[in-house]
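Colleague: This is the structure, below, for whatever I ask next.
Any read-out appearing in this document is the output of simple, stated calculations on the displayed coordinates, not a laboratory observation. Bear in mind the structure is a predicted one, so any value in this text is a computation, not a measurement. When we count neighbours, we look across all protein chains shown, and the Cβ atoms used for this are built from the backbone with ideal geometry, even at glycine.
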């Protein structure tokens, strides 16, 4: 059981890293298309370059952070369930939640709990 949990945590970490890297590459690719091809392919002007890049990169970072939090939870709950590790997990989740909310505000331009209007 411990081996399975360790492997699962490791796979979640690798998936989180892969999502962030892939999202970064996609953000650069979309930006390159907008920059070099412009309105003909994506129907977006070159002035949309920065917002498209930031939105794509921000979403990939958010998804990667969620996977990394899942890895931390598995590692803390299943592998080393000590009070110290639980406190460290709480701090990590708190920091990553703050980062997630900050990224969401940056991407959407509004607080996550505000309705779209």
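Colleague: If you average 1/r over all unlike Cα pairs in the chain and invert the result, what Kirkwood radius do you get in angstrom?
Modeller: 16.1 Å
Colleague: Could you tell me how many degrees, from 0 to 90 and to the nearest 10, lie between the Cα long axis of helix 83-108 and the main elongation axis, the longest principal axis, of the Cα atoms of the chain?
Modeller: 10 degrees
Colleague: Take peptides 53-60, 88-95 and line them up by average Cβ neighbours within 10 Å, highest first, as a rough protection proxy.
Modeller: On the way: 53-60: 18.2, 88-95: 13.0.
Sorting 53-60, 88-95 by mean packing, highest first, produces 53-60, 88-95.
Colleague: Now a separate question. For a Förster distance of 22 Å, can you work out the FRET efficiency between the beta-carbons of residue 21 and residue 106, rounded to the nearest 0.05?
Modeller: So, using R0 = 22 Å, E works out to roughly 0.65.
Colleague: Consider a paramagnetic label point 7 Å from the Cα of residue 6 along Cα→Cβ; state which residues of region 64-103 have an amide N under 12 Å from it.
Modeller: The answer is 79-80.
Colleague: Separate question: Just want to confirm a number: the relative contact order over the chain, from Cα pairs under 8 angstrom separated by 6+ residues, in percent. Display every interim value, and only then the final one.
Modeller: Numbers: 112 pairs, mean separation 36.1, N = 117.
Once normalised by length, the contact order is 31 percent.
Colleague: So what's the angle, to the nearest 10 degrees on a 0 to 90 scale, between helix 2-36 and the longest Cα principal axis of the chain?
Modeller: Approximately 10 degrees, to the nearest 10.
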